[in-house]
Amino acid sequence: MCLGIPGEVLSTVEGPLRMGRVAFGKVIKEVCLAYVPEAHPGDFVVVHAGFAISRVDPEGARRVFAYLEELGETAEGHGEEP
Amino acid sequence: MRTDIPLSCPVPLRHTTVQLAHGGGGRLMRQLIEEVFLEPLPSPALAERHDSAVVPLGAERLALTTDSYVVTPRFFPGGDIGRLAVYGTVNDLAMSGAHPLYLSAGFILEEGLAMEELRRVVASMREAARECGVRLITGDTKVVDRGKADGLFINTTGAGRVPEERSVHPRRVRPGDVVLVSGDVGRHGIAVLSVREGIAFETPVQSDCAPLAPLVAALFEAAVDVHCLRDATRGGLASALNEIALDGGVSLAVDESAVPVDEAVAGACELLGLDPLYVACEGRMVAFVPAPQADAALEAMRRHPLGAGAARIGRVTEGPAGKVSLRTRLGGQRLLDLLSGEQLPRIC
Amino acid sequence: MKYVEEYRGAEAAHRYARALRSLVTRPWTLMEVCGGQTHAIVRFGVDQLLPPELTLLHGPGCPVCVTPVELLDKALAIASRPGVVFCSFGDMLRVPGSGGDLLSVKAAGADVRIVYSPMDALALAERLPAREVVFFAVGFETTAPASAMAVHEARRRGLRNFSLLTAHVLVPPAMEAVLATPGRRVDGFLAAGHVCTIMGMEAYQPLVRTYRVPIVATGFEPLDLLQGIHMCVAQLEAGRAEVENQYARAVRTAGNAPAQAMLHEVFEVVPRTWRGIGPIPASGLGLRAGYADWDAERRFGVSAVGGREDAECQSGQVLRGLLKPPECPAFGTRCTPETPLGATMVSSEGACAAYYRYRRFIGPCAPTSP
């Protein structure tokens with residue numbers, strides 16, 4: 001289900017169907033942005049089957065590492081509420 | 001003599017018609033070759049299953065190989081069908097250690113093919129042959145009804161001379177040998193996919209199609225005792241490694257993080273759900289060399305422009321024939337298996 | 001690539017592995033719901049980093065694997081019609097119906113094409129007005145908004161030669177089917193992150209309350225999976241059962257509102273048969289009456305077409321977490337990727353294929369301690 005890859009929005013074309021160019025590293029693909037009206041050039045979006053399904057939240061993106069740091073502090077490691 | 005696949009279970013050739021996967025460079029193709037071709041057409045040279053047959057001709061040894069080219073689209077970033085038809089066959093000669101000398105070319109043309117396009121392909125072939133130092137000395141042309149061929153198919157046969165004392169063959173591969181790859185993998189497959197309808201995307205990736213004979217020559221000039229060579233074409237690096245492991249009766253241990261993959265190829269693979277290790281190349285080879293000579297071999301390859309990105313990716317180990325294991329970036333192990341057929345883009 | 005590479009670091013992965021070892025006090029069995037997660041686990045060897053007490057089971061989240069034979073047979077019947085261009089994701093091409101697969105009907109002359117997006121199929125319909133273009137709409141809540149937009153656009157643009165063969169399925173009912181199975185082995189779930197991206201987290205609250213299992217929405221990279229496992233095990237060890245979100249960079253609690261609105265506009269919830277599992281009520285999506293003209297089943301009159309599953313295939317037990325692939329008597333003998341008995345052996349996401357491709361030599365599937 002769910003091959004979703006993060007890419008950077010390069011440009012958007014407004015219209016009946018919001019489209020845009022999204023860069024995945026050095027690969028660029030035309031993607032439908034209708035489901036991420038809040039995404040603008042410079043934002044990263046998760047793309048699945050030609051559709052952006054979510055804008056990547058840079059704050060949320062650091063959680064994986066922050067969680068690990070906290071585990072390091074409390075050696076026994078209890079899951080924090082995300 | 002028949003080379004068994006010790007690993008694959010006794011799977012019957014169940015298909016009653018030819019499937020695309022029978023040409024995909026994977027397990028089904030191997031099965032087709034064994035059961036439909038090798039059994040009824042027994043010949044010691046054929047049973048060797050090398051990229052070229054090497055046969056005695058008087059006091060000398062002749063390398064002979066043939067290959068057909070059906071790529072769509074016929075023109076793709078970095079190359080075209082004409083260039084492939086020369087390089088591919090010349091490369092198969094080079095993989096048996098031969099100096100490529102002569103080519104034949106057979107053309108199957110579909111009624112209605114633009115003459116201008118055919119001229120461009122032929123010009124490309126002339127250029128490629130000049131570059132490889134081979135001469136195109138005989139040919140054939142057939143025209144078929146519209147719909148009986150997809151525009152243009154080319155078959156080329158290559159002949160070359162194998163220098164005395166030289167033996168480049170899967171059965172020379174030994175546990176302890178080092179596995180080298182001549183550059184980053186997956187460019188050709190991604191370049192072709194990038195212009196295919198329904199999948200197309202923008203990328204700077206160009207096909208890596210190139211003649212490998214100069215690179216092979218560089219290895220021998222450096223006095224490397226090359227045990228085996230194989231160009232990674234259909235099915236990519238992983239399939240080339242599997243073939244050698246099966247035919248050489250050895251296991252291989254490959255380090256995933258050592259395999260060079262260009263950033264743009266990696267990006268396209270993420271997007272399409274492909275494993276770059278299985279994506280086609282047309283100008284890359286793997287070399288199996290004795291461990292003490294590995295550094296010299298790597299250096300010889302890197303000095304040549306076609307081998308500038310060469311890397312040491314693994315080694316030959318004792319173990320079941322055909323087992324290729326990959327050490328993942330996280331330090332885990334997984335099997336690098338022969339695929340059933342061609343790798344398809346996945347979304348799910 | 002940003003937001004990819006940094007989640008694959010070996011050093012951080014090993015730190016997570018150490019944290020898990022000091023956390024676990026007894027055996028736990030977790031199920032990763034999504035086939036994409038299964039794929040990543042096996043591809044990167046994430047399971048090999050886990051302490052021996054932890055077992056991962058592969059869930060029903062592979063749309064290719066759960067699409068029923070009946071729908072595949074409809075696909076084969078439609079694709080074989082003259083004039084039809086049948087478009088599909090690459091995943092579906094090798095999945096066997098009762099009379100072959102899409103590649104074999106292609107070999108027999110059908111026009112079957114791989115597309116990256118349903119919008120590519122729509123573009124084909126625009127370009128080939130004399131042909132009937134059919135898109136095989138498989139997938140979970142992640143993929144359904146893409147199909148919904150394609151058919152919505154077809155109506156807006158007045159494209160009458162485009163239609164959907166709809167096989168969309170919903171994840172929470174399948175998780176409930178796993179939980180309700182007698183003898184279940186699953187103590188906690190790694191929910192499918194991209195499904196949650198669309199639908200949000202609310203649908204899991206009733207499951208957590210009724211069955212007392214932790215459910216952690218989890219991403220697809222090795223560090224995501226390791227963190228998701230850690231969060232799930234931390235709940236189990238503490239005796240908690242809650243819905244948590246590991247995949248915070250992409251999942252919001254309420255999900256994606258515009259995508260949900262489009263799903264609601266185009267689709268309605270319908271009962272669906274799952275391959276290997278059987279019928280599950282309210283577990284699929286079908287086109288609403290307003291889109292009936294774009295329904296391929298109706299257009300091609302294939303409602304009655306459809307065969308049955310190979311009796312020997314035990315994929316249903318695999319999909320429900322009752323059986324590991326190598327425990328199936330047909331695994332690797334009568335059932336291989338060349339001659340698959342069921343879809344789990346075909347799809348690159350399928351649990352059986354993943355084991356066959358990556359683990360056959362390495363032996364039993366039990367997680368090995370690092």
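Readers should treat all values here as calculations from the given coordinates under stated rules, not as data from a laboratory. Predicted model, so just to flag it, every value in this text is computed and none were measured. Positions of Cβ are backbone-derived with ideal geometry, glycine not excepted, and every protein chain shown enters the neighbour counts.
Things to note:
- Whole-angstrom gap from segment B:239-258 to segment C:37-69, using each part's C-alpha centre: 26
- Per-residue mean of C-beta atoms belonging to partner chains within 10 Å, peptide C:240-249: 5
- Distance between segment B:285-348 and segment A:13-74 - C-alpha centres, whole angstrom: 34
- A viscosity of 0.890 mPa s and a temperature of 25 °C, combined with the Kirkwood radius over C-alpha pairs in the Stokes-Einstein formula, give the protein assembly as shown a diffusion coefficient of 90 µm²/s.
- Length-normalised contact order of chain B in % [C-alpha pairs under 8 Å, at least 6 apart]: 22
- Between B:Ala296 and B:Arg119, the contour length at 0.36 nm per residue exceeds the alpha carbon distance by 59.4 nm.
- Efficiency of FRET between B:Asp150 and B:Ala321 - r from beta-carbon atoms, R0 25 angstrom, step 0.05: 0.10
- Alpha-carbon centroids, segment B:21-65 and segment B:152-206: separation in whole Å: 18
- Theoretical FRET efficiency, 1/(1+(r/R0)^6), r = Cβ-Cβ of B:Thr16 and C:Arg240, R0 51 Å, to 0.05: 0.35
- Cut-off under 5 Å, modelled amide H: who pairs with C:Glu141 long-range: C:Val171
- Potential lengthening between B:Val70 and B:Ile33 on full extension [0.36 nm per residue; Cα-Cα distance subtracted]: 11.5 nm
- Of all lysines in the structure, the ones whose alpha carbon falls short of 23 Å from that of A:Lys26, not counting any fewer than 8 places away in one chain, are C:Lys2.
- Set of lysines near B:Lys323 by C-alpha distance (under 26 Å), chain-local residues within fewer than 8 positions excluded: C:Lys324
- A simple spin-label model places the labels of C:Arg160 and B:Glu110 3.1 nm from each other, with each point 7 Å out along Cα-to-Cβ.
- Semi-axis lengths, Å, segment B:170-335, gyration tensor of Cα atoms, sqrt of 5 times eigenvalues: 26, 19, 13
- Full-stretch length increase - C:Arg131, C:Arg212 - with 0.36 nm per residue and alpha-carbon distance subtracted: 23.9 nm
- Cβ crowding within 10 Å, taken as a proxy for footprinting-reagent exposure, orders B:Ile137, C:Ile78, A:Ile28 from fewest neighbours to most as B:Ile137, A:Ile28, C:Ile78.
- Inter-site label distance for C:Ser22 and B:Arg172 at 7 Å from Cα along Cβ, in nm: 5.4
- Burial ordering of C:Ser88, C:Ser303, B:Ser104, fewest other beta-carbon atoms within 10 Å first: C:Ser303, B:Ser104, C:Ser88
- Inter-label distance for B:Glu127 and B:Arg196, nm, one decimal - labels placed 7 Å from Cα along Cα-to-Cβ: 2.5
- Compactness of segment C:251-344 - radius of gyration and Dmax, Cα, Å: 18.0, 48
- Value of Rg to Rh for chain C (Rh from inverse mean 1/r over Cα pairs, i.e. Kirkwood): 0.97
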